[in-house]
1. Using the scaling law 2.2 N^0.38 Å as the reference, what is the normalised Cα Rg of the chain?
2. At residue 112 and residue 18, where each label point lies 7 Å from the Cα along Cα→Cβ, what is the point-to-point distance in nanometres?
3. What residues have an amide H closer than 5 Å to that of residue 51, excluding those fewer than 5 places away on the same chain, when H is modeled at 1.01 Å from N in the peptide plane?
4. How much of the accessible area of the chain, in percent, comes from carbon and sulfur atoms when a 1.4 Å probe is used?
5. Averaged per residue, what accessible surface does region 1-133 expose to a 1.4 Å probe, in Å²?
6. Relative contact order of region 16-66: what whole-number percent is it, with Cα pairs under 8 angstrom and at least 6 residues apart?
7. Rounded, prolate or oblate: which one fits region 137-193, using the alpha carbon gyration tensor with axes a ≥ b ≥ c (rounded when a/c is under 1.5, else prolate when a/b beats b/c, else oblate)?
8. If N is the number of residues in region 21-124, what value comes out of its Cα radius of gyration divided by 2.2 N^0.38 Å?
Amino acid sequence: ENVKYLKGKTFTNNVVADPDIMSAVKGATLLIFVTPHQFLKFDALQTAELGPDCKAISLIKGIEFEEGGPRLISGIIKDSMGGMDTSVLMGANVANEVAADEFCESTVGFATEGAGAVWQKLFDCPTFRVGKIKDVAGVELCGALKNVVALGAGFCDGLGYGGNTKAAIIRIGLKETAKFARLFFKGIQARGC
């Protein structure tokens, strides 16, 4: 149980807390990154004894900015882990609703078909439906930038604007998200968002 953030929601028996990162990942073939991006640390993981053909997936919503432009969190993970096959899982989900088994959905953005199939099989269940597409950057950017659009929609509610204004903010926000993605990253799929 995560008493701080999800009080009353117990983990399944196969989830075991291990404060030693080297012990926790020893022999792992799948790594799931879910921490806030500002807390990502790779020093220990770079020397970890991982299993063969280990794959990673990022559930982290965020973008880093460098001199050359935006940098995806999945790219940081991939580069820091020696080129490890890194996918993303993004959706409009809130942790306490997922933990309560309320229906939700997400999309796996993958670079290799095999990784996409593995992650979809791992996460997909009747209350958490998972689609997949060969578009890491598109899925990751839509996952991060949709939150900016959601803020705009919330401002409309708070300021007492009508449904037309809110719909316009959402529509224009989605168009700008796609434009941003295509401007900075190659190979973005139209249906990745």
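1. On the way: Rg = 17.9 Å, N = 193, 2.2 N^0.38 = 16.3 Å.
Normalised Rg, Cα atoms only: 1.10.
2. In this crude spin-label approximation the distance works out to 2.3 nm.
3. Amide H neighbours of residue 51: 27, 28, 29.
4. Working: 6700 of 11830 Å².
That fraction is 57 percent.
5. Numbers: 8050 Å² over 133 residues.
That works out to 61 Å² per residue.
6. Numbers: 54 pairs, mean separation 23.6, N = 51.
Relative CO of region 16-66 lands at 46 percent.
7. Numbers: a/c = 3.30, a/b = 2.53, b/c = 1.31.
Judged from the Cα gyration tensor, region 137-193 comes out prolate (a/c at least 1.5, a/b above b/c).
8. On the way: Rg = 14.2 Å, N = 104, 2.2 N^0.38 = 12.8 Å.
Dividing the Cα Rg of region 21-124 by 2.2 N^0.38 Å gives 1.11.
The values are calculated or read from the model by the stated rules, or taken from the named source; none is laboratory data. Quick caveat: nothing in here was measured; it's all calculated off a predicted structure. Note: ideal-geometry Cβ built from the backbone for every residue, glycine included; neighbour counts use all protein chains shown. These accessible areas exclude ligands, DNA and RNA; they are computed on the full protein's heavy atoms, side chains included. Shrake-Rupley method; radii C 1.70, N 1.55, O 1.52, S 1.80 Å.
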